[in-house]
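I have placed the structure first, in the form of structure tokens, so that the comments after it can refer back to it.
The values are calculated or read from the model by the stated rules, or taken from the named source; none is laboratory data. The shown structure was predicted, so the numbers you read here are calculated from the model rather than taken from an experiment. Every residue, glycine among them, receives a Cβ derived from its backbone with ideal geometry; neighbour counts consider all protein chains shown. In case anyone asks, the SASA skips ligands and DNA or RNA and just uses the protein heavy atoms, side chains included. Shrake-Rupley method; radii C 1.70, N 1.55, O 1.52, S 1.80 Å.
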Amino acid sequence: MNNTIELSNMYELALFPKRNFIATRGEGALLWDDQDKQYIDCAGASGSVNVGHCHARVVRAIQEQAAKLICCTGIFHHELRSKVCERLISLAPKNLRKVFLCNSGTESIEAALKFARISTGRHGFIATVRGFHGRTLGALSATHNPKYREGFEPLVPGFTHVPFNDIAALSAVVTSETAGVILEIVQGEGGVYLAEAEYLRQAQALCRERGAMLIVDEVQTGFCRTGKMFACEHSGLEPDILCLAKSIAGGVPLGATLCADSVRIHIGSHGTTFGGSPIGCAAALASIDVMIDEHLAENAAEKGDYFGAKLRAIVSPKIREVRQLGLMIGVQLKERSTSYLQALMEEGVLAIPAGPTVMRYLPPLVISKAQIDRVVEKTALVLSRPAT
Ligand code: PLP
């Protein structure tokens, strides 16, 4: 057996349903395996490489910063950390004014939960059915699917889950004890379900009226994925807290929790050693420049609609529905998706599941129309064959 897989099987905790694939290098929307076979990467590191794999400007920024300073904790100032905060605030909804930088999506959610509790003096949270917010205990308490939660109880008390896109159900549970309502604009892990703009606006109004914070989780939808820099722009939302990570730094670990003035927090009440590292910040500044200079939001909107239309045109009794916003795409099957995703990989296309029956495509936003055509052609091909 291949030594990499052998070592992994022997020493790496088996937490992921791993594929028989050894990634060696990437460029743009392409990945190569250890046999030098090329793949179109619609797994996109679970949505973390919106600017494309190893974008030259990101690589250069990392290399240059690595030669200067790798680590700098929050007790000292660092030029790039200040600039990243400024940049994020300049791009985010205008009510957001301050930033906490961390290392990942789940950390940005943990911070949001703590900030909401301490700022409101309340303890309760409302999250949604099918919502996914991460796997640390606070974020896991907001995550709905029992598959992630079972065996880890008791989770953090105070969380209630209500159906998504149902304002009456939300209204029924937001009380004077509610610190925050946490929502995704498109539920990613839950199966690529889009929030309705009116639901989001009413949810925001409800939060304002009842003194709860609106926490928007854009860990997956942020940074041009849905055709806007942030997906909350589609409905003009101004959340109290916006959680970001994944593509913020071209694939380098970084997360951010953006806060409105309603968030009041004191020195020492939260922190991180590595959050906002010089390398993460260098990569973030370069990645954000790429997103703007290469018009990745517009690209995602246009290519996403192209991709979605082509997928919808596939005639297959196995497809129940295609859901898409920008380049966040889910093809819901009437049966389990696993064997089709495996077959797709054998055909040179990588995609990931979102729940048991959804094939999810989160390609780098630099994917070309020719590459999309190929992905659609291969998707149609694998769906034309019986499941294995
Ligand atoms: N929130 C959302 C919407 C996510 O999709 C994810 C990860 O997929 C997370 C939070 C957790 O992010 P991370 O895996 O970086 O901890």
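A few notes on this one:
- THR257 vs. criteria within 16 Å of the ligand (Cβ to nearest atom) and of a type in the set (Val, Ile, Thr): yes
- Listed by position, the strands (runs of 3 or more DSSP E) enclosed by the stretch 226-326 that each have at least 1 residues that are in contact (Cβ under 8 Å) with a residue 24 or more places away in the chain, of a type in the set (A, V, I, L, M, F, W, C) and assigned by TED's automatic domain parsing to the domain that holds GLU64 are 241-244, 255-260.
- Scanning the stretch 102-122 for residues that are of a type in the set (Val, Ile, Thr) and within 18 Å of the chain's Cα centre (by Cα), we see that the one that is most open to solvent (accessible area, probe 1.4 Å) is THR106.
- Of the helices (runs of 4 or more DSSP H) lying entirely inside the stretch 31-98, the ones with 2 or more residues being hydrophobic (A, V, I, L, M, F, W, C) are found at 56-66, 79-91.
- Residues of the stretch 204-228 satisfying the condition of being closer than 15 Å to GLY105 by Cα and of a type in the set (Asp, Glu): ASP217, GLU218
- The one condition in (1) closer than 25 Å to GLY330 by Cβ; (2) without any contact (Cβ under 8 Å) to a residue 40 or more places away in the chain; (3) among the polar types (S, T, N, Q) that THR221 fails to fulfil: (2)
- Scanning the stretch 87-122 for residues being among the charged types (D, E, K, R) and within 16 Å of the ligand (Cβ to nearest atom) gives a total of 3.
- Considering the stretch 123-140, the residues that are within 15 Å of the ligand (Cβ to nearest atom) and β-branched (Val, Ile, Thr) include one that is surrounded by the most Cβ atoms within 10 Å (Cβ to Cβ), namely THR128.
- All of GLU189, GLU233, GLU196 fail the test of being charged (D, E, K, R), away from the ligand (no atom under 16 Å from the Cβ), open to solvent by 20 Å² or more (accessible area, probe 1.4 Å) and within 19 Å of HIS144 (Cβ to Cβ), apart from GLU196.
- Selection status of VAL252, surrounded by fewer than 24 Cβ atoms within 10 Å (Cβ to Cβ) and modelled with pLDDT of 95 or more: yes
- When restricted to residues that are without any contact (Cβ under 8 Å) to a residue 12 or more places away in the chain and part of a loop (DSSP other than H, G, I, E, B), the stretch 1-17 contains 7.
- Residue match in the stretch 264-275 (condition: touching a helix residue (DSSP H, G or I) at 6+ places or on another chain (Cβ under 7 Å), under 19 Å from ASN95 (Cα atoms) and either crowded, with 16+ Cβ neighbours inside 10 Å or of a type in the set (Val, Ile, Thr) (or both)): yes
- Residue ID - farthest from the ligand (Cβ to nearest atom), chosen from residues in the stretch 45-75 that are closer than 18 Å to LEU365 by Cβ and touching a His at 6+ places or on another chain (Cβ under 9 Å): VAL49
- The stretch 218-229, subset within 27 Å of ARG117 (Cβ to Cβ) and in contact with a Leu (Cβ under 7 Å, 6 or more places away or on another chain), residue farthest from the ligand (Cβ to nearest atom): GLY222
- For the stretch 327-373, residues that are in a strand (DSSP E or B), open to solvent by 10 Å² or more (accessible area, probe 1.4 Å) and within 20 Å of PRO386 (Cβ to Cβ) total 2.
- If you go through the stretch 1-49 and keep only what is aromatic (Phe, Trp, Tyr) and open to solvent by 80 Å² or more (accessible area, probe 1.4 Å), you end up with TYR11, PHE16.
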